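Everything on this sheet refers to the single structure shown next.
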Amino acid sequence: MRTRTMVSAAVSACVVLVACGCGPEKAKEDAAPKPSQPSASPSVKGPSAAPSPSATTEKPSAAPTGDQPAPRTKERAIQRYEQYLHGLGREDIGTVCEVAGPGAKKAEEQGFGPCTSTYVIVFQMVSPEQKKALRTATVDPRRVVVRSLDKIEMPLEAVRSSATFTESDLGSYTLEYLEDDYYITDGQ
């Protein structure tokens, strides 16, 4: 089986798996920051109280707070996709499966395993150079396709990184606003 086909199948499966294990309902349970979650800042100093929501998000101004849903904006969809890309680069199964949950659910319904098992395979298919590049990858907002504020497409061409990716390596994704935030629901 070609690497591209294996990666595409694994990504589809991972998207489905994420949905099953960490979909929108799970995201609400996990809304409270945990010490094991990555922080946007290298170190947070101060009392040992629970970190504020801004300490656990990459772009605090766009993050949901408390019971408030995330903003339904192109910028928030980009932020979520960047979280996914960075998580993929760090092999952070929690982040990857949380963002790609609904898509992973679809893949699981098609016979793939749970997100956590499927993405372990995907991590092995991404080269060390590509992983390093994904950790700091960004998305060019001019290349993002807004079908509606509920459905936003992230084409491969929108990903800016120091490594080259093809459709078979990374592909393009659709993010949908479901209940409280954007989630990957489909990968091409």
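The values are calculated or read from the model by the stated rules, or taken from the named source; none is laboratory data. Bear in mind the structure is a predicted one, so any value in this text is a computation, not a measurement. Ideal geometry is used to build each Cβ from the backbone, glycine not excepted, and the neighbour counts take in all protein chains shown. Protein only, heavy atoms only, side chains kept; ligands, DNA and RNA dropped before computing areas. Shrake-Rupley method; radii C 1.70, N 1.55, O 1.52, S 1.80 Å.
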| query | In the stretch 149-164, which residues are more than 17 Å from the chain's Cα centre (by Cα) and touching a residue at least 24 places away in the same chain (Cβ under 8 Å)? | reply | Leu149, Ser162, Ala163
| For Ala70, all conditions in the list (1) crowded, with 18+ Cβ neighbours inside 10 Å; (2) modelled with pLDDT of 90 or more; (3) in a helix (DSSP H, G or I) hold save one; what is the number of the exception? | (3)
| Of the residues that sit in the stretch 132-142 and are in a helix (DSSP H, G or I), open to solvent by 30 Å² or more (accessible area, probe 1.4 Å) and in contact (Cβ under 8 Å) with a residue 40 or more places away in the chain, which one is farthest from Ala163 (Cα to Cα)? | Pro141
| said: Take Glu176 and tell me if it is acidic (Asp, Glu), closer than 16 Å to Gln83 by Cβ and outside any loop (DSSP other than H, G, I, E, B). | reply: yes
| query | Which of the residues spanning the stretch 111-124 are open to solvent by 40 Å² or more (accessible area, probe 1.4 Å) and in contact (Cβ under 8 Å) with a residue 60 or more places away in the chain? | reply | Phe112, Pro114, Thr116, Ser117, Ile121
| field | Residues located in the stretch 52-67, provided they are assigned to a loop (DSSP other than H, G, I, E, B), farther than 21 Å from Pro141 by Cα and modelled with pLDDT under 50 | value | Ser52
| message | Can you tell me how many residues within the stretch 87-129 are of a type in the set (Asp, Glu) and assigned to a loop (DSSP other than H, G, I, E, B)? | response | 2
| request: Output the residues belonging to the stretch 157-173 that are surrounded by fewer than 22 Cβ atoms within 10 Å (Cβ to Cβ) and part of a strand (DSSP E or B). | output: Arg160
| task | For Thr95, state whether it is polar (S, T, N, Q), closer than 27 Å to Glu179 by Cα and either without any contact (Cβ under 8 Å) to a residue 60 or more places away in the chain or surrounded by fewer than 16 Cβ atoms within 10 Å (Cβ to Cβ) (or both). | result | yes
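Out of curiosity, is Glu91 over 10 Å from the mean Cα position of the chain (by Cα) and at pLDDT 85 or above?
Here the answer is yes, as Glu91 does meet what is asked.
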